[in-house]
Each structure stands twice: as C-alpha cells, then as structure tokens.
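So the structure is just underneath, and the comments pick up after that.
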Amino acid sequence: MRINKLISGSLIAISAILSCTGSGVYEGTGQDSATQEKFLTYYEQNNFDRTPRYAQTVDYCRLLAQNSRKVNFASAGTSPQGREIPLIILDKDGLTDPVKIRKNGRSVILAEAAIHAGEPDGKDAGLMLIRDIAIYNKYPGILDSVSLLFIPIINPDGHEDFGTHYRINQNGPQEVGSRFTAQRYNMNRDFIKADAPETRALLKLYNQWMPELFIDIHVTNGADFQYVSTYGLDQCGYLAPPMQDWSKNIYEKELNKKMEESGYPIFPYLEYTSYRDSASVLLPSNFAPQYSNGYAYANNRVGLLVENHIYKPYKERVQAAYQILLHSLEIVGQNNHSLKESAARADEFSARTYMRKDSLTLNYIHDSTKFHMVDFLAWRSRTQTSDMSGALWTYSDRTAPVTYNMPYVHSYKEEDKVSIPKAYIIPREQLQTIELLDIHSIKYTRLEKDTIMELVTYRFHNPKWSPRPYEGRITLETGYSQQTESVKCFKGDVVVHTAQPKIRVIAHMLEPKSSTSLVYWGFYNSYVAPPTEFWISLSYMEVKGREMMEKDPVLKTEFEKKKAGDKEFASNPRAILQFFMDKVREGIEADANRYPVYRSEQ
Ligand SMILES: [Zn+2]
C-alpha cells in the first residue's frame, strides 16, 4: 500500500517517502457501477452544485493515490493555520522526482485551484480529470510525454472560511471559501514579494520543478458574455521571445481550437469600454510577475490564467475547466519537444539580456491605434425600469445571444525600459531581499573582502506613499536620480550576476520602476526618509550656520552669492536656515535617500 497520509516537511523528503508504488488495481478495468460509485467525487455526488471541504478533498486525493500507481499524494507546505497544502503528482511511472521525470523526457504542468478560495472550479475539475486518467484510463497515452502537478486547494485556510456569505453573485456552488488567506493576503498579487507562507511554499515548489506550463484557475466578476471561460496568456512581451512564440503559435492556437470543438469557446481575458457598443475597444489584459501567470513569464515559462465567468452555472464552469486541463495535457504532450526546446532557448536568451543595448521592458501599455476586428460572443442587453428600486436597470438577456464585431488591440507600447547591469550588489544586511533571492532560486555570490567599488546608484526624490495599505503594504512611488559613485562594500555583500535565466525576476524585484519592485512594496521605505538628525531643530542653524561659515570661506561665499542673487531666498528665514541644515546633512548622511541596491556595470 502506498503511504497516503499527508506528510509535512520538505519536498525532497516527500519524494523519497512516496517512491513506493500503489497497487493500480482499477486501472483500465472499466467503469462498473461499484467502481463508479466508489470514485464519484463529492461534487458529482451532490448534483454538481457543492464543492468538497478541505478534509473531503484530502480524502479523495488519498483514495486516488491508493488505487493508482500513477498518483502520488504529498504536501506542498503548511498553511499558517496548520493545514498541509495538498499536492497530487500524476506521472505515467509514478515518479515524484522532477529530475527523474525530466530524464524520462517528460514536460511538467503545474495546475492549481482555489488561490482565491471562493473560486473552486479547478479543484472539482482537476479531481475528476485525474480520476478519469489514472483510475479509468479514459485518455490512453496522455501521460506519455507530460506529468501533472495538481494542487486542488493552494489557499486551504481561506478555503475553510466556508459559507454562503462569500461571492453572493456567483452561480454556485452553494458554499465557498474566502478570497484571502487567513492572514488576509491576496496570493495572486504576492508572487514577487512573497508575504504569505502559502506563496512561499508555492514558489519553492515552482522553482524546484520549473514547470513548462503553470495553470491557475479562477472565477471572474464583471461584464456578462457568452464565454464560460476567458484566459490570460502573454500578449505583450513579459515572456521571452522564444517561449512567447510557442505560447502564441502553438499553445494558444491549439487551445482555442480544441475548446471550440469541445463546445466551450474561449476568449482572452480583457477590459473594454462597453461590449454593447460596437465602437468600443477590447483590451486583452497584461500580467506582470506579481500575478501567477506573470510569474511564469518572468521565469521564461508559459503561464495560463483561467477566468471562468461568475454568472455561468457551476457545472458548466467545472466542465470548461476540465476541458482546459485535459487539452493542456494533450497539447503539451504532443508538442513536448518544441516546448522544451523553446524553454531552453528562452533561458539562454534571457541570460544574455544585459549584453543587449535595448535591454529589458518592465511595463507595457496598450497601443490603441493598432487593432484588428474580432467576433465577440455577447448577450443583447435590455433596459427596464425596476419595480424594486425604480431605477433604470440594464441587464443581459441570456436568451438573446449576439455576435459583435469589435476592435481588438494587439499591440503594446513599451514603458519603463531599463538597461540591465552586469551585476547587482546588495549589502549583506538586506536580509529580507536576500531571503527572497533564495525563495526565487536566484543565483548569487558574496564578496570575499571589503572593497571600494565604482557603482551606479539611485537616489530617491519626490517619494509618495500610498495613503492606505495596499495588499498589506504601504506602497511607494518615487522618482530617482542615477549617479556613479564610490561605494564602500563589505565582505559578505551579495553579488547577483545578471547573466542568468531568472534575470526577469531579478529586474522586477530590484529595479524601482517595476510595478512589483521591492521598492514599490515598501521594503526600502526606511531608506527613502532617513531618520538621522531629525531631532536637530532648525533654529539651531542660527548657531551652526555662523560656525560653518567661519570655518569654511567657500561656503560663506556660496551663501552670500545665493542671498544676493535670489530675493525670495533672502527674504525667507526658514529657507536660509534650511540651506545650512542641508549642508549639515550632506556631510553626515552621504547615503541619504540612496537605494541600498547598486548596479555594477562592469
Ligand atoms: Zn480569482
């Protein structure tokens, strides 16, 4: 018998423990009624309108693992409330080690559900699909060239905050969990800063396995249309070109075709001005690396965001998610060779980024001047006076499907381009940043002795903090100047060479202009407003200013010239005292407002 109990601890240990194999008695033995009964999921047993709790989900994962040698069940980590994060490893030979799986030539898909735990579609879809593959052998050969890591509940604490009070506009299941983790983190903004322990567990798993495709399954609110599922794939360039080609020309095309054939046509996840107005514009959404699929792009891998539509019945949504997972396994399996080659080329391309003049784009915006027309499957809208509120009420008439021909933007302007230095230097005391380097599996070395280096530095100016926390953090938007200066570096300071495949993750962490930089998330707030010397009263400059001019004739001349040439200054006592205060601070705060991450250009 396989060890089917959840095992905590590191994944390496789990792989070793779970290497024993199951009996596999049900594989290929058909679907007699007793077997069918035994392997019905909770969702199927409950009229396709209820989703299992955490314990029931774990029990079902164990049942699959006990009855198929292809299924192994493990823990991907522990939530803050002490729940193990369930992980199914589905592999043709029952392998659980990424190195061995890759040795056998297979690609890896990581699929997760319930990151926003009120959106459980992927959980019920994935459990049925794994049953159909591993127990019923419904899709023979599907695992020949691909293995699946499946996390039915990545946010287990949020999932168990369960009831009818969340997502009241969602068309089933009857009860669901919350959007956030128990610590109130939204994991799908957390992929770079990694505040939530659940995110950290996921990133460890991700970086250990480096899945060629990462699928994250959600449910979206908002405007109503016919599509059960919309999807996010890189459209603009967050993903390195060799992999973007594969994503666009093979995966996206094939997935669209297969979903259409399955009766669930899909459309890119988008924003638009009005879907009822044929002159409005469709803008496919972009995803920087704080999002799950954006994180995959930054790692030179394909990331698929699935957004099922909240108004569609739960059964339809689960069915669509099932088809997306199934077709993704088929497409990756059938294109395993080109996928792996694209991943290798994208890694190699990214590692050369700093050597190219054009370097790296951190953010993209739509170029609305470049579009083509597409057919968009909408509902006709109706307006009537509400008998409840008396207001004019516009709603979708779901008995009246309509196809609008609409402009679809397919081009992007590059914003915030940065040149990539040869290396970033991070002082040894920046423990949080260095810890994140480890979490993201970024390679670095340490200086072996104290040394003075010529480095490019950033100095912040015009900092603006958010008036209230966003995602639990007081965020910072700041301008900065760039200068070359001699910086005293110390033994143990970290050197991050940029000639490595993860340069996109590195740049988004360390370049302040990125929408998900550590500067933006407030990791360096204390360096933007240094506390030193704030206790000196401005009026003390009446004493200190005189003393300074007496000692320094050059300063005296500078002051007198400024006073003579600048009437406003000369008539403002506060500005005069501040002049001397600034000089004092220049002397004692050489590092004032300096971002303590430096760029080595050679
Ligand atoms: Zn969501």
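The residue pairs whose first member lies in the range 198-219 and is under 19 Å from Pro98 (Cβ atoms) and of a type outside the set (Phe, Trp, Tyr), whose second member is within 16 Å of the ligand (Cβ to nearest atom) and open to solvent by less than 10 Å² (accessible area, probe 1.4 Å), and whose beta carbons are closer than 7 Å, counting only pairs six or more residues apart or on different chains, are Leu202/Ile154; Leu213/Leu304; Ile215/Ala111; Ile215/Leu304; Ile215/Val306. In this structure, is Asn525 outside the structural domain of His461 (by TED's automatic domain parsing) and open to solvent by less than 80 Å² (accessible area, probe 1.4 Å)? The answer is no for Asn525.
Could you grab me the full set of residues in the range 477-524 that are of a type in the set (A, V, I, L, M) and out of contact with any helix residue (DSSP H, G or I) (no Cβ under 7 Å at 6 or more places or on another chain)?
Val487, Val495, Ile506, Ala507, Leu510, Val519
Taking (1) more than 16 Å from the ligand (Cβ to nearest atom); (2) more than 30 Å from Glu511 (Cα to Cα) in turn, Leu233 satisfies each apart from (2).
Val108 fulfils the conditions (1) outside any strand (DSSP E or B); (2) hydrophobic (A, V, I, L, M, F, W, C); (3) away from the ligand (no atom under 16 Å from the Cβ) except for a single criterion, (1). For the range 419-464, taking the residues that are at pLDDT 95 or above, among the aromatic types (Phe, Trp, Tyr) and under 18 Å from Val519 (Cβ atoms), the one that is surrounded by the fewest Cβ atoms within 10 Å (Cβ to Cβ) is identified as Tyr458. Provide a single number: the residues in the range 47-82 that are of a type outside the set (Lys, Arg) and part of a loop (DSSP other than H, G, I, E, B). So the count comes out to 10.
The values are calculated or read from the model by the stated rules, or taken from the named source; none is laboratory data. Bear in mind that the values here come from a model prediction, so they are computed numbers and not experimental data. Positions of Cβ are generated from backbone atoms using ideal geometry, with glycine treated the same way; all protein chains shown enter the neighbour counts. For the accessible areas, the whole protein counts, side chains as well, though only heavy atoms, and no ligand, DNA or RNA atoms are used. Shrake-Rupley method; radii C 1.70, N 1.55, O 1.52, S 1.80 Å.
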